[in-house]
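S.K.: This is the structure I want to talk about, given as structure tokens.
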Amino acid sequence: MSTDPAEAAILSTLAARGPSKSISYAEAAKALAGNPPDDSWHKSMHPIRLAAQRLARAGQIEILRKGKPIDPDNLHGVLRLRLKEQPE
């Protein structure tokens with residue numbers, strides 16, 4: 001598992017959600033902010049975005065827009081994250 005707290009928050013939230021399921025950036029930011037998250041989770045959105053880009057470039061997750069994977073360097077609109085399916 002990653003040593004970066006934002007990457008770890010994304011990966012652990014995705015693992016808890018289950019295979020083929022996605023999460024929002026806000027869900028990952030709230031996980032990074034702690035439990036129960038207060039309004040400070042908004043400050044975690046930028047680190048989550050950067051971590052998501054790193055994880056997508058490394059092939060660990062997919063960033064989705066309208067349910068389809070997108071280029072991690074071209075982020076806009078409503079986005080979700082999911083674990084990348086590993087070939088068997």
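The values are calculated or read from the model by the stated rules, or taken from the named source; none is laboratory data. What you see is a predicted model, and the numbers here were worked out from it, not measured in a lab. As a convention, Cβ positions derive from the backbone with ideal geometry for all residues, glycine included, and neighbour counts pool all protein chains shown.
S.K.: Applying the selection to region 76-88, what residues are under 15 Å from A29 (Cβ atoms) and either surrounded by 13 or more Cβ atoms within 10 Å (Cβ to Cβ) or in contact with a Pro (Cβ under 7 Å, 6 or more places away or on another chain) (or both)? Outline the logic, then answer.
M.R.: Taking region 76-88 first, the residues under 15 Å from A29 (Cβ atoms) are 78-81.
If the condition is that a residue be under 15 Å from A29 (Cβ atoms) and either surrounded by 13 or more Cβ atoms within 10 Å (Cβ to Cβ) or in contact with a Pro (Cβ under 7 Å, 6 or more places away or on another chain) (or both), then L79, R80, L81 are the ones that fit.
S.K.: Same structure, new question: Which of the following residues is among the basic types (K, R) and under 10 Å from the mean Cα position of the chain (by Cα): R65, R82, R17?
M.R.: R82
S.K.: Out of everything in region 27-39 that is modelled with pLDDT under 85 and in contact with a Ser or Thr (Cβ under 9 Å, 6 or more places away or on another chain), what residue ends up being surrounded by the fewest Cβ atoms within 10 Å (Cβ to Cβ)? Talk me through it step by step, then tell me what you get.
M.R.: First, the residues of region 27-39 that are modelled with pLDDT under 85: 34-39.
Still in the list and also in contact with a Ser or Thr (Cβ under 9 Å, 6 or more places away or on another chain): 34, 37.
Details: G34: 12, P37: 16.
Step by step, filter region 27-39, then rank; the result is G34.
S.K.: Please verify whether A8 is under 13 Å from the mean Cα position of the chain (by Cα) and modelled with pLDDT of 95 or more, treating the condition exactly as stated. Let's see the steps before the verdict.
M.R.: Working: under 13 Å from the mean Cα position of the chain (by Cα): yes; modelled with pLDDT of 95 or more: yes.
Yes, satisfied.
S.K.: So which of H46, H42 is in contact (Cβ under 8 Å) with a residue 12 or more places away in the chain and either more than 13 Å from R80 (Cα to Cα) or surrounded by 20 or more Cβ atoms within 10 Å (Cβ to Cβ) (or both)?
M.R.: Details: H46 fails: in contact (Cβ under 8 Å) with a residue 12 or more places away in the chain.
Step by step, each of H46, H42 is checked, and only H42 is in contact (Cβ under 8 Å) with a residue 12 or more places away in the chain and either more than 13 Å from R80 (Cα to Cα) or surrounded by 20 or more Cβ atoms within 10 Å (Cβ to Cβ) (or both).
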